[in-house]
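A short write-up of the structure that comes next.
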Amino acid sequence: MAEDVSATDLTGLSEAEATARLRVEGHNELPSPERRTPIRIALDVLREPMLALLLSGGLIYLLLGDLQEALLLLGFGAMSIVITIVQETRTERVLEALRDLTSPRALVMRDGVRRRIAGRDVVRGDLIILGDGDRVPADAVLLDGHDLQVDESLLTGESVPVRKQVVETDAVAEHRPGGDDQPFVYSGSLVVRGE
């Protein structure tokens, strides 16, 4: 990142360069787990011991010739499978929607203009502008700042915000992450004071 810091002036990246980096390096997000299909959910449900017991009981009644009891048990088993598939599919959709809602927005400099973009569209080398109440959209090095304090409790568990201090870009490699007076801000942390 230090090479990008020195190469980027205060106008930020050009829109074309940001688009090219986004295409090559991908979005600024953790890989999401594969979405489960209804068939996969049904297979997972069938592995449940209580449901397997219910279905096997229905099959035993069927083999013994008691059709009414067999259909009753197998019907309840099928109904449980259908209800579970519907609920799990809805839950997957809700979690995906929540993931989209909680994605932070970022104020960046592109072509010398401040632009608000989705946090997932931040690329390596972007100049991110942070202020009170902003969620940091990506790990970054502080190039300029005034009285910046960040709540890093998600990362460290420490309940007290930490001060951030600007350092020369050549001296960034000498600093270790964590603690007060460091030039690093981390994705997901919250700016509580300063800019």
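The values are calculated or read from the model by the stated rules, or taken from the named source; none is laboratory data. These figures come from a predicted structure and were not determined experimentally. Cβ: placed from backbone, ideal geometry, glycine included. Neighbour counts: every protein chain shown.
Would you please list the contacts, defined by Cβ atoms under 9 Å and residues six or more apart or on different chains, that run from a residue in region 174-188 that is over 17 Å from Gly145 (Cα atoms) and surrounded by 11 or more Cβ atoms within 10 Å (Cβ to Cβ) to a residue that is at pLDDT below 80 and among the basic types (Lys, Arg)?
none
Would you call Glu69 out of contact with any Cys (no Cβ under 7 Å at 6 or more places or on another chain) and assigned to a helix (DSSP H, G or I)?
Criteria met by Glu69.
Just name the residue that is surrounded by the most Cβ atoms within 10 Å (Cβ to Cβ) out of those in region 140-160 that are of a type in the set (A, V, I, L, M, F, W, C) and farther than 20 Å from Leu127 by Cβ.
Restricting to residues being of a type in the set (A, V, I, L, M, F, W, C) and farther than 20 Å from Leu127 by Cβ, the top hit is Leu155.
For region 9-59, which positions are loosely packed, with under 12 Cβ neighbours inside 10 Å, touching a helix residue (DSSP H, G or I) at 6+ places or on another chain (Cβ under 8 Å) and within 30 Å of Ile129 (Cβ to Cβ)?
Ser32
Quick check: anything in region 131-146 touching a Leu at 6+ places or on another chain (Cβ under 7 Å) and at pLDDT 85 or above?
yes
Please enumerate the residues belonging to region 60-87 that are of a type in the set (S, T, N, Q), under 35 Å from the mean Cα position of the chain (by Cα) and surrounded by fewer than 12 Cβ atoms within 10 Å (Cβ to Cβ).
Gln87
Quick check on this structure: which one of Glu88, Glu92 is touching a residue at least 40 places away in the same chain (Cβ under 8 Å) and closer than 30 Å to Ile117 by Cβ?
Glu92
Can you work out which of the residues in region 1-59 that are assigned to a helix (DSSP H, G or I), modelled with pLDDT under 90 and among the polar types (S, T, N, Q) is farthest from the chain's Cα centre (by Cα)?
Within region 1-59, the match that is farthest from the chain's Cα centre (by Cα) is Ser6.
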